[in-house]
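Report on one structure; see the data block that follows.
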Amino acid sequence: MDMAEEPRVRILSTRTIPLNPIRPIYFMHTPDITPEEKQLALETLEEILNIAKVSREIPVVDFGVWRQPNFRNSDGQLVPHMSVDWYVNKWLNQQRRQVNVSEGATQLLFDPWNEKQPHYDVILTAQDLYTPDTNFVVGIAHKRRGTITSVKRFRDIKDKRMERETKKQELFHEVGHVFGLPNESRGFDLEYSLGAHCTNNCAIRQGLYVPRDWVNFVNDRQRTGQVYCDPCTKDLRTYFRK
Ligand SMILES: [Zn+2]
Ligand SMILES: [Zn+2]
């Protein structure tokens, strides 16, 4: 089965999440990300901020392969919260050779760095991801907090241009979720298939079949010239103006 399900909403306390939407984006990635993929991600983030009309207020801080000086202890173990390696590989399931992102993303919600310096996290990896109820996922997003996104499933696309565009499409999707899309209170053009999604020609559509759905979404985006549909674009801009 070639289906990527997104995890259902979990019961997590949002009490400690700062509500001011104007915060920097901390971008970091695991060492398996190529310079081209990193550049693509940074460009995509700028594109999203431009659509949201907040590129002047929200800086993207590039932490690269983020590692604090003592990110491993004397036994070689990863020290919690001290490297991108810990945030991603801490949850590596050796048997499945996949990273459990439901656990990983939970860590994002209780991140001591975020308590000190509120920000959004965008973590990019080429590790394959899963949640306990799926065979794989291409990414996970927590509204108002951050995402862990994987390029892994798009690397096999033969057409290089399409490979690039599907990776962008996925970031448009996951980062859109981080910025509150779809806005469920609007009450239309929504579906509840593994979490709330938009039913329009839009990056917030649910793409269960990977990469087939995502290739179709890229074609639609390039035909219409729109990343997010009109209601989602409006909601994205409103998110930052509350
Ligand atoms: Zn989604
Ligand atoms: Zn939409």
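For this structure, a couple of remarks:
- Once the chain from Asn93 to Asp159 is taken as fully extended at 0.36 nm per residue, the excess over their C-alpha distance is 20.7 nm.
- Distance distribution P(r), the chain, all Cα-Cα pairs, bin width 5 angstrom from 0: 1, 6, 14, 19, 21, 19, 12, 5, 2, 1, 0 percent.
- In this structure, the amide hydrogen of Leu129, modeled 1.01 Å from its nitrogen in the peptide plane, lies closer than 5 angstrom to those of Val99, Val137, counting only residues at least 5 positions away or on a different chain.
- Legend: ranking of residues Arg145, Arg56, Arg237 from fewest to most surrounding C-beta atoms inside 10 Å; resulting order Arg56, Arg237, Arg145.
- Least to most buried among Phe71, Phe179, Phe63, Phe136 (fewest other Cβ within 10 Å first): Phe63, Phe71, Phe136, Phe179
- Distance histogram for the stretch 27-119 (every C-alpha pair counted, 10 angstrom bins, percent rounded to whole numbers): 14, 37, 38, 10, 1
- Per-residue HN-Hα couplings for the stretch 207-216 [Karplus 6.51, -1.76, 1.60; θ = phi - 60°; Hz; x = Gly/Pro]: x, 7, 9, 10, x, 3, 4, 6, 5, 4
- Here the Karplus curve 6.51 cos²θ - 1.76 cosθ + 1.60, taken at θ = phi - 60°, turns the phi angles of the stretch 224-239 into couplings of 8, x, 10, 7, 10, 5, 4, x, 5, 4, 5, 5, 4, 5, 5, 3 Hz, with x standing for Gly and Pro.
- Coupling constants for the stretch 46-57 follow from the phi torsions by the Karplus curve (6.51 cos²θ - 1.76 cosθ + 1.60, θ = phi - 60°), and in residue order they are 4, 4, 5, 5, 5, 4, 6, 6, 10, 5, 7, 9 Hz; glycine and proline get x.
- Amide H contacts under 5 Å for Leu190, placed H, 5+ residues apart: Thr199
Here, each number is a calculation from the coordinates, and none is a lab measurement. Here the structure is a predicted model, which is why all the values come from computation and not from measurement. Cβ coordinates were reconstructed from backbone atoms using ideal geometry, including for glycine residues, and neighbour counts include every protein chain displayed.
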